[in-house]
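> Quick one: this structure, given as structure tokens, is what I'll be asking you about.
The values are calculated or read from the model by the stated rules, or taken from the named source; none is laboratory data. None of these values were measured; they are calculated from a predicted model. Neighbour counts run over all protein chains shown; Cβ positions are idealised from the backbone, glycine included. Accessible surface is based on the protein model in full, side chains and every heavy atom, while ligands, DNA and RNA are left aside. Shrake-Rupley method; radii C 1.70, N 1.55, O 1.52, S 1.80 Å.
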Amino acid sequence: MEEHTTDKWQDHEKTSNAQLEDPLSVSEVTHSLPWTTWMVVFACATWNGTISCTQITCLFWSSAFTATLGGAAEGLWLGQSFQVVTAVLGPVLARIGDSCGRRYVILLGIFFGALGSLIMALATDINMAIAGASLFGLSYGSGGNVFSVSSEVLPRAHRGTAQVMTLFGAIFGVLIGLYAGANLILTHPGNYPGWRSASWLNFALHVFTFALFAIFYHPRAVANPSGFSVLQRIGQIDLVGCALLAAGICPFIAVEGLIYNVFTHFFAVETALLWDARPYFLATRFAAFVFAAAITAPLYGLYVYRFKDAKAVLLFGYGAFLAGLIGMATVTLGTNKVSIIYCVLCGIGFAAPLVFLNMVTQLAVKPELMGLATSLIISSRSIGGAVGIAICGAVFTSKATVKIPAYVIAAVVKAGLPAASIPAVVGGIAGSKPAMYASAKGVTPAIIAAGKRALLLAYTDSLRFIWIVAIPFVVLGIVGLMFLQSTVHAMDATVDRPIETSRHKELVSDA
């Protein structure tokens, strides 16, 4: 049996090598793929949508959990716990998938994601909800294996196409999480907390994704010429080599994670502080970013498939993101609608690295390290995002702490407020507590209006520094891309881990 399996792999490698000499080989290999291959790619896209929808529940709607369960301070861990689990265990799960096969690692991760969503839906306190979010981290931590599957079951020339398809899954998941979540959470049907309904939706999506992988993903056995058991193969993992690979990948990808997370977090903060904090309004403005990415990603994919030039697309994407951030640094109170254009520019830009950094990394490493490399991308994005939000949050806080009292005091004094009433008025305006200045001497509607406008100006000038801090990181990313090698010769007809068509021989003949 083992000899037969080895012969099949040798035949596959000989076929792949022969195809490299034929300019039509990519098309021929693509047409010979069983339909189940595309169902596997669809399963990967569905997983990405499920993960994105669940992330929105944990991050965007975390305040709905704490409004019912309490624990506002602990509620921050709804959005942090699963990222910690992913950063720690994701590379381990991916390396096991590289060495022993991905099917059961993926299925186990999705199972725990479903279990975590179920626990969140049934949570009786915030700690129980956080525990569920932590289990969801095992599903999210399967990303290194899932993104590798979507690439390795297709010819290498189609890896950009596969990543675009999985991106569309994420886009649909984000939109479902935003708008279905908003509807469920804001309407409270039957006085049933809407976040519970959103968690049940996440549970159902995990179950559906589990079924897709269980039915359609049956990869050929990983080559094991030494005859090692699963535990022996895990023990043979080169931890030093993994650490060196991480050192090479993490810094560059962390830059991408930083600028993305900074934008998505603080764009919502800026919108809520300056213009409108209604949930549907916030969701719709961020949807401009999502739709921009959805429209441009297929165009990027077509270009890369036609010219096999991922470097040009990445440079263009980073350039568009840089233009969007520069625009955000110029925002004023009167540029509400213009800021949406900057948001669109950032969406156009970010679609490129989100898709093609995965692809170029996977092409740069050996197939047996693809899962680990892809998982390190995900972990690095999480780490970069956490660091970026912390840095920019500290910058915003430090600037706002100085500017808010200075701007408000100057405005209310100019409007005629007596000096004795300044502490009460400034504290009331800054803290949104009208009761503090309701009985203060000399207070008039005009003075309060002037103070509130000054508060908005202080927020505007403080938020500006967030974008100024983020801009150099985009420039750093562009400089790093200059050293990226061409992907032309790597995008060939080779299929690294084809699925086992014999399992579907009753439907498809194994050519």
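> State whether one or more residues within the stretch 159-172 are among the basic types (Lys, Arg), open to solvent by 40 Å² or more (accessible area, probe 1.4 Å) and out of contact with any His (no Cβ under 7 Å at 6 or more places or on another chain).
Filtering the stretch 159-172 for residues among the basic types (Lys, Arg) gives 159.
Still in the running and open to solvent by 40 Å² or more (accessible area, probe 1.4 Å): none.
No, every residue in the stretch 159-172 fails to be among the basic types (Lys, Arg), open to solvent by 40 Å² or more (accessible area, probe 1.4 Å) and out of contact with any His (no Cβ under 7 Å at 6 or more places or on another chain).
> If only one of SER421, SER432 is open to solvent by 40 Å² or more (accessible area, probe 1.4 Å) and among the hydroxyl-bearing types (Ser, Thr, Tyr), which one is it? First the steps, then the outcome.
Details: SER421 fails: open to solvent by 40 Å² or more (accessible area, probe 1.4 Å).
Matching residue, one of SER421, SER432: SER432.
> Within the stretch 327-344, is even one residue assigned to a helix (DSSP H, G or I) and either of a type in the set (Phe, Trp, Tyr) or under 16 Å from GLN163 (Cβ atoms) (or both)?
Looking only at the stretch 327-344, we keep the residues that are assigned to a helix (DSSP H, G or I), and these are 327-328, 336-344.
Narrowing the set further to residues that are either of a type in the set (Phe, Trp, Tyr) or under 16 Å from GLN163 (Cβ atoms) (or both) leaves 342.
Checked the stretch 327-344: at least one residue is assigned to a helix (DSSP H, G or I) and either of a type in the set (Phe, Trp, Tyr) or under 16 Å from GLN163 (Cβ atoms) (or both).
> Which one is farthest from LEU178 (Cα to Cα), of the residues in the stretch 43-79 that are open to solvent by 40 Å² or more (accessible area, probe 1.4 Å) and free of Cβ contacts under 8 Å to residues at least 24 places away in the same chain?
ALA73
> Among the residues of the stretch 127-158, how many are open to solvent by 10 Å² or more (accessible area, probe 1.4 Å) and of a type in the set (A, V, I, L, M, F, W, C)?
Taking the stretch 127-158 first, the residues open to solvent by 10 Å² or more (accessible area, probe 1.4 Å) are 127-128, 130-131, 134-135, 138, 140, 147, 156, 158.
With the extra rule that they be of a type in the set (A, V, I, L, M, F, W, C), the set shrinks to 128, 130-131, 135, 138, 147.
Residues that pass the stated criteria total 6.
> Which residue pairs have Cβ atoms closer than 8 Å, lie 6 or more positions apart in sequence or on different chains, and pair a first residue in the stretch 419-430 that is more than 16 Å from ALA446 (Cβ to Cβ) with a second residue that is outside any helix (DSSP H, G or I) and of a type in the set (Phe, Trp, Tyr)?
Close Cβ pairs (under 8 Å, with a partner that is outside any helix (DSSP H, G or I) and of a type in the set (Phe, Trp, Tyr)) amount to ALA424/TYR437; GLY427/TYR437.
> May I ask you to list the residues in the stretch 323-355 that are of a type in the set (Ser, Thr, Tyr) and more than 21 Å from the chain's Cα centre (by Cα)? Give the steps one after another, and end with the answer.
Filtering the stretch 323-355 for residues of a type in the set (Ser, Thr, Tyr) gives 330, 332, 335, 339, 342.
Of everything in the stretch 323-355, those that are of a type in the set (Ser, Thr, Tyr) and more than 21 Å from the chain's Cα centre (by Cα) turn out to be THR330, THR332, THR335, SER339.
> Same structure, new question: Out of THR264, THR271, THR284, I need the residue that is assigned to a helix (DSSP H, G or I), of a type in the set (S, T, N, Q), surrounded by fewer than 22 Cβ atoms within 10 Å (Cβ to Cβ) and without any contact (Cβ under 8 Å) to a residue 12 or more places away in the chain. Which one?
Details: THR264 fails: without any contact (Cβ under 8 Å) to a residue 12 or more places away in the chain; THR271 fails: without any contact (Cβ under 8 Å) to a residue 12 or more places away in the chain.
Being assigned to a helix (DSSP H, G or I), of a type in the set (S, T, N, Q), surrounded by fewer than 22 Cβ atoms within 10 Å (Cβ to Cβ) and without any contact (Cβ under 8 Å) to a residue 12 or more places away in the chain holds for just one of THR264, THR271, THR284, which is THR284.
> Could you tell me whether the stretch 379-389 includes any residue that is assigned to a helix (DSSP H, G or I), open to solvent by 60 Å² or more (accessible area, probe 1.4 Å) and small (Gly, Ala, Ser)? Explain how you work it out, then say what you get.
Of the residues in the stretch 379-389, the ones assigned to a helix (DSSP H, G or I) are 379-389.
From what's left, open to solvent by 60 Å² or more (accessible area, probe 1.4 Å): 383, 387.
Retained after the next criterion (residues that are small (Gly, Ala, Ser)): none.
The answer is no; no qualifying residue exists.
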